[in-house]
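The values are calculated or read from the model by the stated rules, or taken from the named source; none is laboratory data. Fair warning: this is a prediction, and the values are worked out from it, not measured in the lab. Heads up, the Cβs are rebuilt from the backbone with ideal geometry, glycines too, and the neighbour counts pull from every protein chain shown. Accessible surface areas use protein heavy atoms only, side chains included; no ligands, DNA or RNA. Shrake-Rupley method; radii C 1.70, N 1.55, O 1.52, S 1.80 Å.
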Amino acid sequence: METIQATVSKRLLSKASRLFTGTLDGRIIEILQNARRAGATEVTITNEKGLVTVRDNGTGIEDFSKLLDLGDSDWDQAMEEAEDPAGVGIFCLAPRKVTICSNGKKIVISKDGWTGKPVELTKVGDSGKGTVLTFADEPWGLSQVKRHAVFSGMKVIVDGKTCPQEPFVSSRAAPHPELGCRIEVRNRDHLNQWHNQWRGSYFCDDILVNFHGQVVKFSYMPVHECLCYLVDMTGDPTGIRMMLPARTQLIQNKAFKALKAAIEKEAYRFIQKRGGHALPYEQYKRAAELGIKLPEAEPTFDVGLLSGDTPEPIEVIKPKDFPLSKCYRMNSERLEDRENSIANVHLLAALGKFEEPFVPVSISMTYDGYNWAKLPTIDKVDVKVGKELGKNYVWSQVLIAVESIKIVAHTSDGKVFESDVLMAVLTPERAERPWYGADHVYVTPEAREQLNSSDIWYHLGGWNDEGDTYETQQYQVEEELEVFWSTIIGPGEYLRSKIAGSLDGIKGSWDNITIDTDRTVVITYKDGSKKTLKSPYVARKKS
Ligand SMILES: Nc1ncnc2c1ncn2[C@@H]1O[C@H](COP(=O)(O)OP(=O)(O)OP(=O)(O)O)[C@@H](O)[C@H]1O
Ligand SMILES: [Mg+2]
């Protein structure tokens, strides 16, 4: 029978340096890691004349042959179980010329030495405790080294300056010996700058794993809340494995799944300890499933049914101390013309007059199930509009002025809330549609005085983010509204109100104001005094 067997080809030696990204960070990580594994408590790095020297006070190298044995290591069994060494790290320095001294011996590995040429091992006098590596490289500066040193547990000195050392987690971290790690949940703002340098600044789903100084991250968001999860490997045996050789990513094995499960539990425990939360109902139930009893979420709701800020809709106000249980939720399932019904209920609540408050609130469906979210509902909405006074396209909808508008809302607790209002929105009958998608916005003449133009603009489509600036568009819509009102109220009234409106800026109590063909304005005050304002432009033209 013919057989074959797996082997490692020597060719791999010539490519070993390419197992690493070739970055300075990668080299710093590997060399610090070896020192730490050798039990070093202190590493001294010096940069001189293009040469980098790294000296550690670890146990030193016993078997130099393991250094150049691609794939073999000489750490003990405990290290094997905790860290899963790959036996390739030192090759990150290939093909550089590297001098290594340890335990009274010295080797110089040069280009061919990395790929198989025998390297001579020489004796040196007392080389001191630990290991010294010297090689040509760009400077290993403090700023570059300190981020890899901070969580390594070793004192690292770069050209005489000591790198900061921080614990990766605090004593609050929960031990998970089965995974060889501790897990700590923190609020984002309780991370230090060293944690933050590894975290993306925007997303909430970064889990940071400290593999003895080397931080690896992955994305996972067990609960709907921006929390940070710190996983600190303790050095105990673990099934958690990093992708080799560079260890920049976790392997998705059984232990990884168990780690995620442990993180999820810790998240709920953190929330339980803190007390209040705003988690969706599903997650409240999930916590219970995991044996972690949480209180119900804090009532989370918005007053009114419309939202947005370009511009904001007219505000619905909940009286102080008015209980949520007396507010209403929209029963969107049973409503016809859903979107406009929501708008009309909002407008009814914002503009209507009632004996007892009518306060619709918006609660995300993810809260369905909590007791506080069970509110009576608004099941039916009617809008009655009076005689039409005029209509026109304004902005991106059709604006119609009518004599009166009444909105009626029927609720599941048998109440009827009805009131005259200044504005409502309706979807026109198909045949009436001026163009697809345009709504009919109804206003009464009083709306001109009593509503802000932005209250109306909201229903006319609001700010178009592909167009001009907000202010420019606001100005445009106000102009369009002015023209609209001028046709509704008649040209005489329009002119009168324009002129009258411009007098608002005059201070003091005046009796009458005249203006002549020269545009000269004379203000006569109640006390009989007069003020004459001549147009400088006209005055100059005359002279
Ligand atoms: N600073 C050091 N002190 C003592 N022994 C060392 C040191 N650096 C390397 N060694 C020895 O050389 C061997 C090879 O080191 P190398 O970094 O190539 O692989 P490794 O650390 O075993 O595995 P990994 O690929 O995970 O780095 C180590 O197993 C260790 O026996
Ligand atoms: Mg190594």
### Query
Going toward the positive end of the dipole of the range 16-70, with +1 on Lys and Arg Cβ and -1 on Asp and Glu Cβ, which of LEU19, VAL54, ALA38 do you reach last?
LEU19
### Summary
For 25-33, 55-63, ranked highest to lowest by mean beta-carbon neighbours within 10 Å, the order is 25-33, 55-63
#### Entry: Cysteines (scope the chain) whose Cβ has no counterpart Cys Cβ under 4.7 Å
CYS92, CYS101, CYS163, CYS181, CYS228, CYS327
### Query
Residue-wise, which Karplus ³J(HN,Hα) couplings in Hz belong to the range 507-523, taking 6.51 cos²θ - 1.76 cosθ + 1.60, θ = phi - 60°, and x for glycine or proline?
8, x, 8, 9, 9, 8, 9, 10, 9, 10, 5, 6, 6, 7, 10, 10, 9
## Note on the structure
Under 5 Å from the placed amide H of MET242, counting only residues 5+ away or on other chains, we find ILE251
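Rounded to the nearest 500 deg cm²/dmol, what is the calculated helix-only ellipticity per residue at 222 nm for the chain, with -39500 (n - 2.57) per DSSP H run of length n ≥ 4? Each step should come with its number before you reach the end.
Details: 13 runs with 131 residues, N = 543.
That calculation yields -7000 deg cm²/dmol at 222 nm.
Which order do the peptides 408-417, 346-355 take when ranked by the mean count of other beta-carbon atoms within 10 Å per residue, highest first?
Numbers: 408-417: 15.2, 346-355: 19.9.
Going by the mean number of other Cβ atoms within 10 Å, highest first, we get 346-355, 408-417.
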### Message
Only four residue types carry charge here, +1 at the Cβ of Lys and Arg and -1 at the Cβ of Asp and Glu. Report the dipole size of the range 317-450 about the Cα centre in Debye, rounded to the nearest 20.
### Response
180 debye
### Query
About its Cα centre, what dipole magnitude does the chain give when the only charges are +1 on Lys and Arg Cβ and -1 on Asp and Glu Cβ, stated in debye to the nearest 20?
1880 debye
### 3J(HN,Hα) from dihedral phi, the range 99-105, Karplus parametrisation 6.51/-1.76/1.60, rounded to Hz, x for glycine, proline
9, 10, 10, 6, 6, x, 10
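Over the range 1-107, what number does the Rg to Rh ratio reach, with both radii from the alpha-carbon atoms and Rh per Kirkwood? Working shown, then result.
Values: Rg = 15.5 Å, Rh = 15.4 Å.
A ratio of 1.01.
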### Message
Can you find, among TYR202, PRO175, LEU121, the residue sitting farthest towards the positive end of the charge dipole of the range 109-240, where Lys and Arg contribute +1 and Asp and Glu -1 at Cβ?
### Response
LEU121
### Message
Can you compute 3J(HN,Hα) from phi for each residue in the range 7-23, using the Karplus curve 6.51 cos²θ - 1.76 cosθ + 1.60 with θ = phi - 60°, rounded to whole Hz and x for Gly and Pro?
### Response
9, 10, 6, 4, 3, 4, 4, 6, 10, 4, 5, 7, 6, 10, 6, x, 8
### Query
Which far-off residues, 5 or more places away or on another chain, put their amide H under 5 Å from the one on HIS176, with H placed in the peptide plane?
CYS181, ARG182, ILE183
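If you put +1 on each Lys and Arg Cβ and -1 on each Asp and Glu Cβ, how big is the dipole of the range 293-374 around its Cα centre, in Debye rounded to 20? Intermediate values should be presented prior to the final figure.
Numbers: 9 positive and 14 negative charges, 59 e Å.
It works out to roughly 280 debye.
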### Task
Quick one: pull the percentage of alpha-carbon pairs in the range 334-386 with a separation above 13 Å.
67 percent
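Over the range 288-401, what percent of the accessible surface lies on carbon and sulfur atoms, probe 1.4 Å?
Values: 2980 of 6280 Å².
Solvent-exposed carbon and sulfur of the range 288-401 make up 48 percent of the total.
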#### Entry: Accessible area (Å², per residue) of the range 1-82, counting only protein heavy atoms and a probe of 1.4 Å
61 Å²
### Message
Using amide H atoms built in the peptide plane, which far-off residues or other-chain residues are under 5 Å from SER127 H to H?
### Response
GLY104
### Summary
Percent of all Cα-Cα pairs per 10 Å bin for the chain, counting from 0 up to the last occupied bin, reads 3, 13, 16, 13, 11, 11, 11, 10, 7, 4, 1, 0, 0
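Ignoring ligands, DNA and RNA, what percent of the 1.4 Å accessible area of the range 61-197 is carbon and sulfur? Please list the in-between numbers first.
Numbers: 3280 of 6850 Å².
Carbon with sulfur: 48 percent of the solvent-accessible area.
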